[in-house]
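Notes follow the structure.
Every read-out reported here was derived from the displayed coordinates using simple, explicitly stated rules and does not represent laboratory data. Note that the coordinates shown come from a computational prediction; the quantities given were computed from them, not determined experimentally. Here the Cβ positions follow ideal geometry from the backbone for every residue, glycine too, while neighbour counts run over all protein chains shown.
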């Protein structure tokens, strides 16, 4: 059963996300990958996150621009949520970084760097996290 | 019946929001004011917005930091949504501005300026909008 | 009769603007598209905006760099004005965003995101706005 | 007869502007000081600038936030226009700087620094300019 | 035995860090709090982190300015490392944010927001993380 | 005799500067164009500027990066100095803009926009300036 | 004989500079402190730097805003030049940082951080530098 | 014996670094060039720096992104350390610049400009530094 859920806000994030999925494959860590937008699929996303299988231990949320996805997921789930800002658009991901890292208290998003390094580090952080816990 | 819904993401935004409410009072425009956070009350917010009275013509959403509120409301409602970035926190509202203006296509947020001028302009824009339409 | 006026500050914005016009065509929303600069055609623009046909319900103003166009139109008309910052020039539209969103109180510009998403969202916001009103 | 016209976008800029006026007084340079907003008084401003006395040699335009004033004046007059960004609002004048310096070709605004140094330098630059010419 | 190690880069961060420690106290989560700088105590820090008790499940690293502490700890330990940028200095924590979030691939730092909200969210994220794992 | 002196900080600015020179040619305004760096040729530049022909009415100074040239010339000459930030280097001219616009009081640099529009506007502003004066 | 020359661009930098001078006093390192502006005293500065006593081993240059001082000194002297951006003005020293660090090749300025930490580090770096060399 | 140690954080910085090495070759200045990451090789780096040959007079540290390398080396060595921010990644080296220049007091990094000019200036500054000293 998959322990990691990876959600991207847009179909166009798939190649970007694959950098992390390839690492999970290499490490034999099971994951599910879904494309759901906080802005275009909010109700579907709500139902999906509220009914997640208990096996999941961590959620990675990837988005660009006004990147609400990680914060919205963190508000719906009690799992640790990792946010990755994609470096798309004229602001090259600065908008996405601020949209996910500057969360109000109580709803944390563990934010990785902008772009490729950040996407890979979401996998590396997940690996660390899966080794620890209660 | 109120035509304008004003939603703020935090109790602490109330004094800030009052600048717009005072203008509505002065202009005899009915409004409802609610405090609901996209991050702390997402499910309650979803139900609330999905069941809005048909009299509402426009929604003003006010938030600071990673300001997901306007975008989330715009994804739940087909009404015009106006976003106001509050100039709180160490980045003085630059984070909030980018979090609400940089929306992906299909889910528009009509964003006002950062801080007091923007809050008042949300009222001024609403007044213009209520005069027009079908 | 056209309900939407789209004004761009420069001939070179035409391809950019077309992204919104195509949506209006698809939705059968009538529009007029004009190229007039706040800086090069101010008096002509003033006369044009002051004598707009009463059928217009909303104005979309598109500009790059020191993007005064949306604010100037908002000062000449009592219609709702939507501003779109084009991502041209070395600052990639950050200058245009700040030049239109940071309006003083009383003259609101409903600002969309920088670049293509923002241009399309001007159309999406207009569609919402045309359904509502008095 | 005054050779220098100083225009500020808001009553609240008066103390700020006085820093330059005091220098003009010290140097016995005649000036007129007017408060007119590009956004709130555009038509009055247009008439005023189009009918300026021929004695004027230079115009100083002071504004904060989305500071359209210098550019608008530069589009209405063929005189040299000096822009001064006031350091007001949450962005401390960065918005005003970009709104006046990033002018499209053909409508130049000679921009001074943000805040007090810039305001005084508008006077110093005017002094240099009045000594030169045809 | 403590499961959470909190390290701050400077004595002056103590009041700031206390916001998270108070939450741990409230939730009965054991922690150790140390002040060690990546720049002033690197060798001591190296020995300390390399010899951490096996009970530790997560490390929170707090720093301002050129905030190397979280990244350095992440390079010395295989535990999940959470970084918190303190909003000190003339850049109000933007320097600290970029210094910890923009990590190269392989050495992830889970970065929280700048300032008070981020400091508290480090505790909230830790609580989520301690519930999950292998 | 030439009334306009154009100085660029680097040989590599020549194509960029030509945009203004072509306008001067078109308008029959005489100019001299020199390449001298504030940082590599300071003493030569000092002698050159201190011994300028009295016919000169205005100096245009073009530079990128840490663009000290316009300010240095303004400190050596009592002529009006126009600064143009070239959009070179990783910061795309933001460094050059701030290096020339943020002058201390008493030594004004009339700054144009970053890049091509600014370069052309230096010519347009010069044309306005040459018509006015004592 | 003094080995360290400290130059500040303005009288108002004195308290700021004293943070480094106190360290030199504590370490028994001789220094001279002068106030000379690259913009207001360029010729005096040129003569002064060109005729420096051979005992000097390093120059510290402190300035705010469009901080040309360190670069100008580096162009006049073959000594190592350390630049310190003072955090004055509305941009809090970001302008000064970029004005001194972004030097063209061949004229290096060794730049310290913005504000108090940077000012003290100019002393610490000098101490390191004086121990090394030919 | 080499007097200059050049350390880059990543294999991919080699071409970038070569711009300085070529200058050293031209000037017959001996150097050693090593690739060691503050984040991936911290313990190896620590041993290496703590056991440097006494002939070394200066260290140049090159890195991009969250560029901890120069600061970490400055904390391990009492030699003067020069930092060069590589203009890689979506932020074009702004992250690297802030990560190395904003050092806390006591651990100075002499920072050069972002990218090619900065890399070459590290060599030029080294040349100046090697001529001076005790």
(request) Measure out, as a whole number of angstrom, how far apart the alpha-carbon centroids of segment G:47-92 and segment F:1-26 sit. (result) 30
(message) If neighbour count is taken as other Cβ atoms inside 10 Å, put H:79, G:42 in order from fewest to most.
(response) H:79, G:42
(request) For the protein assembly as shown, state the average projected area of the convex hull of the C-alpha atoms over all orientations, rounded to one decimal in nm². (result) 40.6
(request) Report Rg/Rh for segment H:4-131, rounded to two decimals, where Rg is the Cα radius of gyration and Rh the Kirkwood radius. (result) 0.92
(request) Determine the shape class of segment C:20-85: with a ≥ b ≥ c the square roots of the Cα gyration tensor eigenvalues, call it rounded for a/c under 1.5, and otherwise prolate if a/b is greater than b/c, oblate otherwise. (result) oblate
(request) Starting from the Cα of residue C:34, step 7 Å toward the Cβ, then list every residue of segment C:1-22 with an amide N under 14 Å from that point. (result) C:2-10
(request) For residue B:41 paired with residue G:11, estimate the spin-label separation in nm (one decimal), with each label point 7 Å from Cα along the Cα-to-Cβ line. (result) 5.7
